[in-house]
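Colleague: Quick one: structure below, then a few questions.
The values are calculated or read from the model by the stated rules, or taken from the named source; none is laboratory data. Note that this is a predicted model, so its numbers are computed, not measured. For neighbour counting, all protein chains shown are included, and Cβ atoms are generated from backbone atoms with ideal geometry for every residue, glycine included. Ligands, DNA and RNA are stripped out before the accessible areas are found, and what is left, the full protein with its side chains, is counted by its heavy atoms. Shrake-Rupley method; radii C 1.70, N 1.55, O 1.52, S 1.80 Å.
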Amino acid sequence: MISEKAVVENKEHLAEGIYGAWLKTSAAREAHPGQFVMLNTKSEAHLLGRPISICDIDRDKERLRLVWRVAGYGTDEFSRLEEGDRIELLGPLGNGFDIDSLSGAENIAVMGGGIGAPPLLGLVRQLHGTGLKNIDVYLGYRSASAGLFLADEFKELAAVHIATDDGTAGTHGTVLDALDSSGKAPDIIYACGPMPMLKGVKQYAEENLIPAYISLEERMACGVGACLGCVVKTRFKDAHSRVENARICTEGPVFAAKDVDI
Amino acid sequence: MNTAVEICGINFKNPVMNASGTFGSGMEYCGLVDLNRLGAVVTKGVAKVPWEGNPTPRVAETASGMLNAIGLQNPGIDVFIERDLEFLKNYDTNVIVNVCGHSVGEYVEVVQRLAECDNVSMLEINVSCPNVHEGGIAFGTDPGALEEITKAVKKAAKQPVIMKLSPNVTSIAEMAKAAEAAGADALSLINTITGMKIDIYKRRFLLANRTGGLSGPAIRPVAVRMVYEAAHAVKIPVIGMGGIASAEDAIEFMMAGASAVAVGMMNFHNPGIMTEIIDGIERFMQEQGIDDLAEITGIL
């Protein structure tokens, strides 16, 4: 984990309200898919770091790609970053996806809802790199007109199934509807997205007796496990907290769906 | 030039420490901050048994500050002693343990357990947390209750006792005097100021607990004023805190009467801030020809 000023290399405007950037940072050396970084705004009125998931990692060039949705002051400021700008970064943070959790699974479903999709790109790249063939990616968007960001990049690595809220592309409905209409029967799921979607994934995994790993988010202040702001209820006494609470920033953000009470 | 300060007979290599609750037990930050450089590590509040804390959301950003309603989640004194205090034995810094409880008896039990621990320099008694419904602030807003708990803790304590005061009172001087009269060895202030934030679009409170404690630079002038009032009301030393973000802020608190200072929310913004403040204090002393911080402590 390092705290330093990263340098903006490429800025991307990917879809309506969706931006991305490659940041030059030594945090890339130790980063894994599913981890996140905290970015500071330049404003003295907005002092908490903004947790942003890592979309892609280029270890050789020491770069991290971040993709975010403009949701408030911080992400709006980041959307106006320009090449060469420097930004305070803390990371990499959290556990990330653990592909050892595959344990022989062959039919892999990767499900991303909205701004939940970016951290899955690095995961799919990693899974693809291990030679796994049966990777199906389910991506949920609001509407084709707002932009199916990252979909083409996922298509280079895996079979992609699209769902939209308004039916303007792919299945009309959610990523779970897209899974249903694909007729596939995954034996493991990795997912990131809004809470209703993650609840659906958890339920699907429990009904079908398969493991699911879900990436959670919560308001956080420190990002390193000190403030205890971002906890999730767990089904067991957490080893660190000794209560049924785990820190999303540290024990997570990726949890086995069966272990968390969402 | 001497950056060291002495509080209750304990030597601090410099007057800078973290505010309880913003730094865990140092473990989470030890890869980013050299704990050996700090005057002290102040641990997160610990109780007799593990506490779950409040529902989420527990934190919300506000203008130049933040609200929190963690609710003193902690693993309990047993785990704290065997894990957190053991970890801190690896560092050359003072350890100040923040103690919380729901009743006088619970505070006293934790203080008794800590009496056996040899790497605890001081105790800080949290009678000012606004986010727990029993204990906490209930002891810190009534002078009679504050005196009662101070006396009970002092009787059980082996280490010097710092009473951490709440700003959510009409007269901080009266509270400071009550703690001193009951035997407190030092005071620390301010804890957070009770606040509230509403999401007007969702028509909901930002925090699940509805109210939370405000911290950060937004509260600094209030904190400086209260440190000044408390320090002038008592003879025991005062540790000042509330939105410290720079060496200049730290010096301001010392001139107002603080013998040492604690950095809270700003650790989240910049994990290197405490060491930067220590360096900045040294620079200030050089520039101003100050040999010892005692020369500026409480000069106003």
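Colleague: How many Cβ atoms of partner chains, on average, are near each residue of B:59-71 if near means within 10 Å of its Cβ? Present the calculation step by step, with values, prior to reporting the outcome.
Modeller: Details: counts 10, 4, 11, 4, 5, 5, 3, 6, 1, 5, 1, 5, 1.
Average neighbour count from other chains, rounded to a whole number: 5.
Colleague: If you don't mind, there's one more thing I want to ask. Can you pull the mean other chain C-beta count within 10 Å for peptide B:16-28?
Modeller: The shielding value for this peptide is 3.
Colleague: Would you mind checking the pairs B:Lys89/B:Lys158; B:Lys44/B:Lys158; A:Lys237/B:Lys154 and listing those with alpha carbons more than 23 angstrom apart?
Modeller: Working: B:Lys89/B:Lys158 18 Å; B:Lys44/B:Lys158 20 Å; A:Lys237/B:Lys154 34 Å.
Over 23 Å Cα-Cα: A:Lys237/B:Lys154.
Colleague: Just to be sure I understand the rule: take each whole DSSP H helix in chain B, project its Cα atoms onto its long axis, keep it if the span is 18 Å or more and its mean Kyte-Doolittle hydropathy is at least -1.0. Which ones pass?
Modeller: Helices meeting the criterion: B:143-156, B:220-233, B:273-288.
Colleague: Along the charge dipole of the stretch A:103-189, pointing to its positive end and built from +1/-1 on Cβ of Lys, Arg, Asp and Glu, which listed residue (A:His172, A:Thr130, A:Ser143) has its Cα farthest out?
Modeller: About the Cα centre, the residue reaching furthest to the positive side is A:Thr130.
Colleague: Helix-only estimate, please: 222 nm mean residue ellipticity of chain A, summing -39500 (n - 2.57) across DSSP H runs of length 4 or more and dividing by its residues, to the nearest 500.
Modeller: The per-residue figure over chain A is -5000 deg cm²/dmol.
Colleague: Shifting gears a bit: Within 10 Å, count the other beta carbons around each residue, average over each peptide in B:7-17, A:164-174, and list them highest first.
Modeller: The densest-packed peptide leads the list: B:7-17, A:164-174.
Colleague: Here is a further query. Treat every Asp and Glu Cβ in the stretch B:148-300 as -1 and every Lys and Arg Cβ as +1, leave all other atoms uncharged, and give the resulting dipole magnitude about the Cα centre to the nearest 20 debye.
Modeller: That gives a dipole near 1180 debye.
Colleague: Out of the stretch B:195-226, which trypsin sites (Lys or Arg not before Pro) are coil in DSSP terms and have no more than 11 other C-beta atoms within 10 Å?
Modeller: Working: sites: B:Lys197, B:Lys202, B:Arg203, B:Arg204, B:Arg210, B:Arg225; in loops: B:Lys197, B:Lys202, B:Arg203, B:Arg210.
Taking the stretch B:195-226 and a limit of 11 other Cβ atoms within 10 Å, the loop trypsin sites (Lys or Arg not before Pro) found are B:Lys202, B:Arg203.
Colleague: Just name one of B:His232, B:Phe268, B:Ile198: the one whose Cα is farthest towards the positive end of the charge dipole of the stretch B:157-270 (beta-carbon charges, Lys/Arg +1, Asp/Glu -1).
Modeller: Of the candidates, B:Ile198 comes out farthest on the positive side.
Colleague: Could you size up the charge dipole of the protein assembly as shown around its Cα centre, putting +1 on the beta carbon of Lys and Arg and -1 on that of Asp and Glu, and report it in debye to the nearest 20?
Modeller: 800
Colleague: Using only the C-alpha atoms of the protein assembly as shown, find the volume of their convex hull and express it per residue in Å³.
Modeller: Roughly 147 Å³ of hull volume per residue.
Colleague: Run lengths n ≥ 4 of DSSP H only: what is the helix-derived mean residue ellipticity at 222 nm for chain B, with -39500 (n - 2.57) per run over all residues, to the nearest 500?
Modeller: -8000 deg cm²/dmol
Colleague: About the Cα centre of chain B, how large is the charge dipole given +1 on each Lys and Arg Cβ and -1 on each Asp and Glu Cβ? Please answer in debye to the nearest 20.
Modeller: Its charge dipole is roughly 960 debye.
Colleague: Here is a follow-up. When Cβ neighbours within 10 Å are restricted to other protein chains, what is their mean count per residue of peptide A:233-241?
Modeller: Neighbouring Cβ atoms belonging to other protein chains average 3 per residue here.
Colleague: Alpha carbon centre of the stretch A:28-73 versus the stretch B:5-51: separation in Å?
Modeller: 28
Colleague: So in chain A, which Cys have no other cysteine's beta-carbon sitting under 4.7 angstrom from theirs?
Modeller: Taking the Cβ cut-off of 4.7 Å, the unpaired cysteines of chain A are A:Cys55, A:Cys192, A:Cys230, A:Cys249.
Colleague: If I take R0 = 35 Å and measure r between the Cβ atoms of B:Thr170 and B:Ser103 in this structure, what FRET efficiency does the formula 1/(1 + (r/R0)^6) give, to the nearest 0.05?
Modeller: It comes to 0.90.
Colleague: Here's another thing I want to ask about it. For the stretch A:103-189, place one equal point scatterer on every Cα, skip the solvent, and apply the Debye formula. What is log10 of I(q)/I(0) at q = 0.21, 0.22 Å⁻¹?
Modeller: Scattering profile of the stretch A:103-189, log10 relative to I(0): -0.93, -1.01.
Colleague: Further question: Over the stretch A:149-256, with the other protein chains present, what is the accessible area per residue in square angstrom, probe 1.4 angstrom?
Modeller: That works out to 42 Å² for each residue.
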